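Here is the structure we will look at, set down as C-alpha cells.
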Amino acid sequence: MMFLKIKLLLCFLSIGFLAISQGNSLVVVSSNGNPFYLSIGREQINKTLQSNVKAFDVVIGWNLIEIKMPMNDKELLLTDSVLIISSSKLMNKEFTYALVENENKLKFQFKAVSELSGPKSLVIPEVPKEVVPLVDNSVYGNLYKAVNNKPVFFVNYVKDSAICKLVLSSVEIDDAIKLVQKYGSTELAYRYLEQIILLNCYSTSQLKQLLELMPVDVDRLSLAKLSYAHITDVQNCSSLFSIFKSNAMKESFVGFMKEQDDVSKQHALNCKVPANESIFVDVFNKIKNIGDEYERLQLSKKILGNVCFDSNQIKKIMELFSHDREKLEFVKYALPILTDKDNKKLLADEFQFSGTKDEFLKYLNQ
C-alpha cells in the first residue's frame, strides 16, 4: 500500500512538472543566414535546413542543445546547454539566441526574452454552418474582402512588369493595420500582412507602420525583403533601419539593399551579347589571382555590374571557387547579366552537392 502511494505521488509530481514545463519557446537565428539543424535534448526540431528555428514547449531546467551546420565539404557542430528557470516572470516566454559562425566555429549568444510570438500550430476555426462573409467588408475597405468564405486581397501591383497601378492610401493602410491587429501575433496575422505587402505598393513610412505590427525581428526582415520592389521611395529605405532591434538583422537588410542596387545596375545593361574572349580572359585572370575565397567573391560581384557573360563563361568562373557556398552566391549575382538565360538551369551542374543544386533550382523558380 505504501509503495502504491509513493508511486501515485511520483505520478502527480511528474504531471505537475510537465504542466509548468509547457509554454516556453526557444528561437535560434543564424546571424549570417546559413541554415542549420537544431536538436534539444536529443530530439531534432527541424527536419529540413533552416536559418531560423523555433522550438516550442521547452522544459524547465537544463536543456542540451546541439546544432549542426553543413558547410560545403564539412559540417560545423556546436554542443551547448540552456537553462530555463522556473520563475513566474519567465513562464510562457520566448527566449531568442543568435548562432554566430566565425572562422568555421559556432558560438551561441543570448539575445532577448520576449512574449510568445505565435502558437505551435494554427488554430483552425470550424467551417461556418451557413455561407456568410468572413469579415464585415466596411471595416477593412477595399483592402480585404470575403468571397465564398475565402479572403480576397486588393491588388495594385503588376508582378510581370513590376509596376504599381496606384499606391495605397492612408485610409487603406489604416485598414491593413486593423486587419492584422485583429489576429495579434499569430501565424495568420503574418500571412495576411504578407499578402498585403506582396500585392500592393506603399511608401517607406507606410511600410514601417505595417512591419512594426510584427513583434519578431526575423519576421520584420523577411517582410522587408519581400516589400523592396513595391516601395515607391526606395531612396528613403534607410528610415526602415530603426524597426530592427537586432544589429544582425539590420546589417542583413543593409546587405540585401546593396544586392538589390547591384541587380538594378545589372538589369540596366540589358545583356544580349556576351563579352568577347579578350575581355573574359582579363576578368577571369583578375578573379583567379585573388587567393582568398571571400575576397575573390567580392571582386567578382563588383565586376558583374559592368559586363555580360554567357553560361559557359559563368561556368568557368564558378570553377574558381572551391566551395558550393561561394559558387551559389556568385551565380545568383551572375543571373541578371546572363545572355543565354534559357541555359541558366544548366549552371546547377557545377555544384558538388545535390542540396546546393536543389537550392539553386528553387531560387530560379522563385
Matching residues in the range 322-347 (farther than 23 Å from Lys265 by Cα, buried (at least 17 other Cβ atoms within 10 Å of the Cβ) and modelled with pLDDT of 90 or more) number 0
Just a yes or no: is a residue in the range 66-73 within 25 Å of Pro215 (Cα to Cα) and either in contact with a Phe, Trp or Tyr (Cβ under 9 Å, 6 or more places away or on another chain) or surrounded by 13 or more Cβ atoms within 10 Å (Cβ to Cβ) (or both)? no
Pull up the range 256-280, narrow it to residues that are more than 33 Å from the chain's Cα centre (by Cα) and loosely packed, with under 12 Cβ neighbours inside 10 Å, then point me to the one that is modelled with the lowest pLDDT. Val273
Among the residues of the range 201-231, write down those that are of a type in the set (A, V, I, L, M, F, W, C) and either part of a helix (DSSP H, G or I) or free of Cβ contacts under 8 Å to residues at least 40 places away in the same chain (or both). Leu207, Leu210, Leu211, Leu213, Met214, Val218, Leu221, Leu223, Ala224, Leu226, Ala229, Ile231
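Looking at the range 55-81, which of its residues are in contact (Cβ under 8 Å) with a residue 60 or more places away in the chain and on the phi < 0 side of the Ramachandran plot?
Taking the range 55-81 as the starting set, the residues that turn out to be in contact (Cβ under 8 Å) with a residue 60 or more places away in the chain are 56-57, 70-73.
Of everything in the range 55-81, those that are in contact (Cβ under 8 Å) with a residue 60 or more places away in the chain and on the phi < 0 side of the Ramachandran plot turn out to be Phe56, Pro70, Met71, Asp73.
Does Asp310 satisfy the criteria of being of a type in the set (D, E, K, R), at pLDDT 85 or above and either in contact with a Cys (Cβ under 9 Å, 6 or more places away or on another chain) or closer than 16 Å to Pro336 by Cβ (or both)?
Spelling it out, Asp310 is indeed of a type in the set (D, E, K, R), at pLDDT 85 or above and either in contact with a Cys (Cβ under 9 Å, 6 or more places away or on another chain) or closer than 16 Å to Pro336 by Cβ (or both).
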Residues satisfying the stated conditions in the range 232-254, i.e. over 16 Å from Asp217 (Cα atoms) and either touching a residue at least 40 places away in the same chain (Cβ under 8 Å) or within 19 Å of the chain's Cα centre (by Cα) (or both): Thr232, Cys237
What is the one condition in (1) part of a strand (DSSP E or B); (2) surrounded by fewer than 16 Cβ atoms within 10 Å (Cβ to Cβ) that Asp57 does not satisfy? (1)
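Can you find a residue that is within 26 Å of Met249 (Cβ to Cβ) and either surrounded by 13 or more Cβ atoms within 10 Å (Cβ to Cβ) or modelled with pLDDT under 50 (or both) anywhere in the range 1-20? Walk me through how you get there before you give the answer.
Taking the range 1-20 first, the residues within 26 Å of Met249 (Cβ to Cβ) are none.
No, every residue in the range 1-20 fails to be within 26 Å of Met249 (Cβ to Cβ) and either surrounded by 13 or more Cβ atoms within 10 Å (Cβ to Cβ) or modelled with pLDDT under 50 (or both).
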With the condition being more than 26 Å from Val273 (Cβ to Cβ), I'd like the helices (runs of 4 or more DSSP H) fully within the range 292-366 carrying at least 2 qualifying residues. 293-303, 324-334, 354-365
Taking the range 87-114, which residues are in contact with a Lys or Arg (Cβ under 9 Å, 6 or more places away or on another chain), closer than 21 Å to Asn34 by Cα and crowded, with 17+ Cβ neighbours inside 10 Å? Phe95, Thr96, Tyr97, Ala98, Leu99, Glu101, Lys111
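Out of the range 89-116, which residues are among the aliphatic types (A, V, I, L, M) and in a strand (DSSP E or B)?
The initial filter retains those residues of the range 89-116 that are among the aliphatic types (A, V, I, L, M), namely 90-91, 98-100, 106, 112-113, 116.
Within the range 89-116, Ala98, Leu99, Val100, Leu106, Ala112, Val113 meet the criteria.
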Residue hits (the range 300-310; surrounded by fewer than 20 Cβ atoms within 10 Å (Cβ to Cβ) and either out of contact with any Ser or Thr (no Cβ under 6 Å at 6 or more places or on another chain) or touching a residue at least 40 places away in the same chain (Cβ under 8 Å) (or both)) are Lys301, Lys302, Ile303, Gly305, Asn306, Val307
Give the range 230-253 a look and list any residue that's loosely packed, with under 14 Cβ neighbours inside 10 Å and over 18 Å from Gln209 (Cβ atoms), or say none. Gln235, Asn247
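The values are calculated or read from the model by the stated rules, or taken from the named source; none is laboratory data. Since we're looking at a predicted model, the values are computed, not measured. Positions of Cβ are backbone-derived with ideal geometry, glycine not excepted, and every protein chain shown enters the neighbour counts.
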